[in-house]
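Encoded as structure tokens, the structure appears first; notes follow it.
The values are calculated or read from the model by the stated rules, or taken from the named source; none is laboratory data. Here the structure is a predicted model, which is why all the values come from computation and not from measurement. Using ideal geometry, Cβ is built from the backbone for each residue, glycine included, and neighbour counts are taken over all protein chains shown.
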2 protein chains.
Amino acid sequence: MGRMKIQNSPTIRRMPSYLHKLFNMRLEGKTHVSTTELAKYMNIELIVVRKDIALTGIAGLRRVGYNINDLIDYIKSYLGWTKTFSACLIGAGALGTAILGYEDFVNYGLNIGSVFDCSDKKIGTSIHGREVYDIETIGQRFKHYHPDMAIICVSNTAAQAVTDKIIQLGIHYIWNFANVCLQVPPKVIVQREVLAGGLATLTVKMKHMDEHVEDKPIETKK
Amino acid sequence: MGRMKIQNSPTIRRMPSYLHKLFNMRLEGKTHVSTTELAKYMNIELIVVRKDIALTGIAGLRRVGYNINDLIDYIKSYLGWTKTFSACLIGAGALGTAILGYEDFVNYGLNIGSVFDCSDKKIGTSIHGREVYDIETIGQRFKHYHPDMAIICVSNTAAQAVTDKIIQLGIHYIWNFANVCLQVPPKVIVQREVLAGGLATLTVKMKHMDEHVEDKPIETKK
DNA sequence: TAGATTGTTAATCGATTAACAATC
DNA sequence: TAGATTGTTAATCGATTAACAATC
């Protein structure tokens, strides 16, 4: 039967960071990379990188490492980034603007083709080279250009209504930056970003540091 | 010895979402909540919520649920959110502005007390009620107000230099939104947010959906 | 050669899931 | 009572970690 778990795999979340480093190394003219280098860059254990890379199915060269171009292709393939994805961004506030300015998306094959907002101040203006459309016209525009996914950057209060609307228009994949749990039908997949999750991770570490202040320094890697 | 792992615990990352819901319920005048309600809101399995809540150490009332005020306190305590944290935000671009506008931080005890930027266009302006200071003055200002952590929202190219600077000024905790792996001494703890990690999670799900299109619909929860 | 690196297998650990008891 | 809910224990699963073999 069709397994549908893939919850929040840390491996998957690390892949784009490897990719980012590999792009930079390629720009520097390098042709090969070792897991040692990647681990050093990422500040994580060598074996973690080894396992991640192995999952992509690539074969390396002992004593040399992996061919950078090949590794990029294998990671992209693992993530499903072999084709491009089209997206519409809804909500052209500060967060939406930040996402539009995120440079790596081009390398990852994410193409944000349209931007929508409900504010008269925003509609008609241009952000990072993209015109902001009236959200009221979204139905019309989707007839000519139907994106693979929607990126939601509207206020918490507006998020559910916008979501209902775009699902009606046939959107199946949603990347949600609003701080609410969207209620959607089973066929729709939502990836929610919770800003405060990172804060929680950080403060828990702070708490543990405080509590173990009398212990030995810190357990770092060997 | 002082365990220092706590990598990326999904439990910890879910806690702020529970908290967010609990605050809303309290505003609605509710006094108790069941894990059933929380699971429904979060769109996750009941047992996951039960385990998470149990980890906080709170005792519930069978057939009734948990006292909302108590649960808020237990979760806050679990996350180390019993005291407030002071932070400085570095980089007043779109992303920095978005973070300054994130309303829940007040509830979480995060107080962003100062904002720094290097651009003449930004310095002296006010964002969400906070004046933007010249990054060059950060050393001076830290003498009067030394934050617990720094939130880095500068460009990828500027991030490492800014990091070196603030570590020199005594910052030990960094919340990094720039798309680089910061190199820091062992004592410094960095929480990195990788935007593309969420995208990867979403696209992998898309890929699996495509591959299993001929299978039964989707495996949703029972 | 010696050493750096990949490849492979097994052990450990923690999160998720399942099953059922307790009880108001 | 019956049913909703918490509480508890065990099973499963997957990620991390460890150990060592292979080899250029």
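Identify, please: which residue in region B:101-134 is polar (S, T, N, Q) and within 22 Å of the chain's Cα centre (by Cα) and is, among those, modelled with the lowest pLDDT? Can you show your working first?
Here is the first cut: in region B:101-134, the ones polar (S, T, N, Q) are B:107, B:111, B:114, B:119, B:125-126.
Pick out the ones that are also within 22 Å of the chain's Cα centre (by Cα) and you get B:107, B:111, B:114.
Details: B:107: 93, B:111: 97, B:114: 97.
Ranking the qualifying residues of region B:101-134, first place goes to B:107.
Residues B:24, B:8, B:69: which one is within 30 Å of residue A:100 (Cα to Cα) and of a type outside the set (Ser, Thr, Tyr)? If you could, list the steps in order and put the result at the bottom.
Values: B:24 fails: within 30 Å of residue A:100 (Cα to Cα); B:69 fails: within 30 Å of residue A:100 (Cα to Cα).
Exactly one residue qualifies, and that residue is B:8.
Which of (1) under 30 Å from residue B:188 (Cβ atoms); (2) assigned to a strand (DSSP E or B) does residue A:190 not meet, given it meets every other one?
(1)
Answer yes or no: is there a residue in region A:60-67 that is surrounded by fewer than 18 Cβ atoms within 10 Å (Cβ to Cβ) and more than 16 Å from DNA strand D (Cβ to nearest atom). I'd like the intermediate steps shown before the answer.
First, the residues of region A:60-67 that are surrounded by fewer than 18 Cβ atoms within 10 Å (Cβ to Cβ): A:61-64, A:67.
Cutting the leftovers down to more than 16 Å from DNA strand D (Cβ to nearest atom) gives us none.
Within region A:60-67 (the criterion being surrounded by fewer than 18 Cβ atoms within 10 Å (Cβ to Cβ) and more than 16 Å from DNA strand D (Cβ to nearest atom)), the answer is no, since none of the residues qualifies.
Quick one: in region A:26-40, which of the residues that are outside any strand (DSSP E or B) and surrounded by 19 or more Cβ atoms within 10 Å (Cβ to Cβ) is nearest to DNA strand C (Cβ to nearest atom)?
Result: A:35.
Test residue A:68 against the criterion of being at pLDDT 95 or above, within 13 Å of DNA strand C (Cβ to nearest atom) and of a type in the set (A, V, I, L, M, F, W, C), and give yes or no. Walk me through it before giving the result.
Working: at pLDDT 95 or above: yes; within 13 Å of DNA strand C (Cβ to nearest atom): yes; of a type in the set (A, V, I, L, M, F, W, C): yes.
The answer is yes for residue A:68.
Name the single residue, out of those in region A:34-59 being more than 24 Å from residue B:183 (Cα to Cα) and in contact (Cβ under 8 Å) with a residue 12 or more places away in the chain, that is farthest from the other protein chains (Cβ to nearest Cβ). Before you say what the answer is, go through the steps one by one.
Let us first name the residues in region A:34-59 that are more than 24 Å from residue B:183 (Cα to Cα), namely A:54-59.
Filter again for in contact (Cβ under 8 Å) with a residue 12 or more places away in the chain, leaving A:55-58.
Numbers: A:55: 12, A:56: 12, A:57: 14, A:58: 17 Å.
So the residue we want is A:58.
Which one of B:57, B:109 is within 16 Å of DNA strand D (Cβ to nearest atom) and either surrounded by fewer than 21 Cβ atoms within 10 Å (Cβ to Cβ) or not charged (D, E, K, R) (or both)? Give the derivation first.
Numbers: B:109 fails: within 16 Å of DNA strand D (Cβ to nearest atom).
Answer to the selection: B:57.
If the requirement is being within 11 Å of another protein chain (Cβ to nearest Cβ), within 28 Å of residue A:192 (Cβ to Cβ) and modelled with pLDDT under 95, which of these qualifies: A:15, A:1? Break it down stepwise before answering.
Values: A:15 fails: modelled with pLDDT under 95.
Being within 11 Å of another protein chain (Cβ to nearest Cβ), within 28 Å of residue A:192 (Cβ to Cβ) and modelled with pLDDT under 95 holds for just one of A:15, A:1, which is A:1.
Within region A:167-194, take every residue that is more than 8 Å from chain B (Cβ to nearest Cβ) and touching a Pro at 6+ places or on another chain (Cβ under 9 Å) and give me the one that is surrounded by the most Cβ atoms within 10 Å (Cβ to Cβ).
Filtering region A:167-194 for residues that are more than 8 Å from chain B (Cβ to nearest Cβ) and touching a Pro at 6+ places or on another chain (Cβ under 9 Å), the one surrounded by the most Cβ atoms within 10 Å (Cβ to Cβ) comes out as A:171.
Quick one: which helices (runs of 4 or more DSSP H) lie wholly within region A:41-141 and hold at least 2 residues that are over 25 Å from residue A:24 (Cβ atoms)?
Counting at least 2 such residues, we get A:94-100.
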